[in-house]
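Throughout, read-outs are computed from the coordinates displayed, never taken from laboratory work. For clarity, every value in this text was computed on a predicted model and none was experimentally measured. Cβ placement follows ideal geometry from the backbone for every residue including glycine, while neighbour counts extend to all protein chains displayed.
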Amino acid sequence: MMHKVWFLLLPGFLLLDIVRMLAVFKAANASLRRTGHRLAAYDVRLVSPGSGQALSSSGVALSTSALPRRLAGRASSLFISGEPDPGSAGPASVQRLREWLSSNRRRVGRRAALGAQPLLPPVPHVGAVRRQERAAPPALRCRGQGPDRFTACNKTPSWRVIEPGQGADLALSWIEEDRGAAFAETLASRMPGPRSRRCGLPRRRRMPFEPAAPDARISALHRWIAAHLQEKLSVARLAREVHMSTRSFARFYERATGLSPGRGVQQIRLDTARRLLETSTRPLKAIAAQCGYGSQEVMRRAFVRELRMTPRDYRRRHATMKAAGAA
């Protein structure tokens, strides 16, 4: 399936990061074609609030299409660079762009920004969160079976904010999510110019420890979870820890993190296991027990599912990259 990558270019966007990201996706498509894929995997679109030329911070302009009212395609990623015009009442105004982001939020699987701070969600005040909980209507339901059938309808992705110079790393990390670590590392090794090692190992889905706008209660809860991974961490148990009802807590947690409570616990288990693999020589069985996995095999399946490699491969690859970095 082709994945659409939308670049929303606002005035003063950083040209170098955009060019490097475009080169990464172009190289990924070329590499896949060499291995027998007839169609490109990534359909990259440059758009701006008004069609025509978008002017970068360096004075160089790129040709763009008009920002569509609705994003097309089932799988999309969105990257925004530049700043909206705070004094404008036109399509580039902060309010109009916020409305556009809101109406398209369910069509975007991944979203990231370089700049564009006025468009990003503000840090919620604790009192405001509680008022939203009391006023929130029942969750919109979708068709499906089983207890988790509402999760996909209610989940919204979190923003990832990068710094200048990290555009290529971001593109490689997205490709790593789609195609695996081996493909992304091979692709990175073929790219010209210097590159960081940040994308050498899978670093996706770390949001529970690094939320873009953390609530103090969420941060404290994550620390408590990390210290009690060997216990049975049901939603009811987590709700008691923050002094909420189970139903209110589940809504509060998903609104604050974009994940269900169970998914958040899984991510913290995985992140803890990764750090132990990186920093210790403890046996895999001991690490699995410390992180609350039922067995070494359960931990292995979690690593393969989330990182597309076994814990043993993860430890070996980290050791190899650490040795290469010290050389």
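For the reader, a short list of remarks on this structure follows.
- Qualifying trypsin sites (Lys or Arg not before Pro) for the range 1-57 [loop in DSSP, other Cβ within 10 Å: at most 12]: ARG38
- Extension gain for the segment MET2 to GLN290, taken as residue separation times 0.36 nm less the Cα-Cα distance, is 99.7 nm to one decimal.
- Gyration tensor verdict on the range 14-66 (Cα atoms; rounded if a/c is under 1.5, prolate if a/b is larger than b/c, oblate otherwise): oblate
- Label-to-label distance, nm, for residues given as ARG282 and VAL304 (7 Å Cα→Cβ offset): 2.4 nm
- Peptide ranges 172-185, 54-67, 241-254 listed from the most packed, as the mean C-beta count within 10 angstrom indicates: 172-185, 241-254, 54-67
- Distance between the pseudo-spin-label points of ARG237 and ARG70 (7 Å out from Cα toward the beta carbon): 4.4 nm.
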